[in-house]
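Accompanying notes for the structure given below.
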Amino acid sequence: MFDHGFLVTSIDTGWITDERPHTTKQRLATEGFRAPLGLVDGASRVNDPIVQGENWVDLYGCFLKDFKPHPW
């Protein structure tokens, strides 16, 4: 894909949403459960390699976890 101008990066956004069945997550929410990371944190992890690229730091063809390259 690089030859066609596409740079691909895989990103672990962290636990930003609760994907359990609706009734279970509603019950847990009333008990005070919240995902450890918020939507803004998850979005910043996706946006970070784009911003890094604007600063001439190439982060593509890799897996990013916690803003850093991580083994697959």
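The values are calculated or read from the model by the stated rules, or taken from the named source; none is laboratory data. None of these values were measured; they are calculated from a predicted model. When we count neighbours, we look across all protein chains shown, and the Cβ atoms used for this are built from the backbone with ideal geometry, even at glycine.
Give me the residue from the range 61-72 that is touching a residue at least 24 places away in the same chain (Cβ under 8 Å) and surrounded by 10 or more Cβ atoms within 10 Å (Cβ to Cβ) and, out of that set, nearest to Gly14 (Cα to Cα).
Looking at the filtered set, the residue picked out is Lys65.
Give me a count of the residues in the range 16-48 that are over 19 Å from the mean Cα position of the chain (by Cα) and either small (Gly, Ala, Ser) or surrounded by 11 or more Cβ atoms within 10 Å (Cβ to Cβ) (or both).
8
Give the range 5-42 a look and list any residue that's in a helix (DSSP H, G or I) and either touching a residue at least 24 places away in the same chain (Cβ under 8 Å) or farther than 22 Å from Leu64 by Cβ (or both), or say none.
Those that are in a helix (DSSP H, G or I) and either touching a residue at least 24 places away in the same chain (Cβ under 8 Å) or farther than 22 Å from Leu64 by Cβ (or both): His22, Thr23, Thr24, Lys25, Gln26, Arg27, Leu28, Ala29, Thr30, Asp41, Gly42.
Would you confirm, using the coordinates I've provided, whether Ile11 is among the aliphatic types (A, V, I, L, M), touching a Leu at 6+ places or on another chain (Cβ under 8 Å) and at pLDDT 95 or above?
In short, yes.
Tell me, please, whether a residue that is in a helix (DSSP H, G or I), surrounded by fewer than 11 Cβ atoms within 10 Å (Cβ to Cβ) and out of contact with any Lys or Arg (no Cβ under 7 Å at 6 or more places or on another chain) can be found in the range 53-60.
yes
For the range 52-72, how many residues are among the aliphatic types (A, V, I, L, M) and modelled with pLDDT of 95 or more?
Counting residues in the range 52-72 that are among the aliphatic types (A, V, I, L, M) and modelled with pLDDT of 95 or more gives 1.
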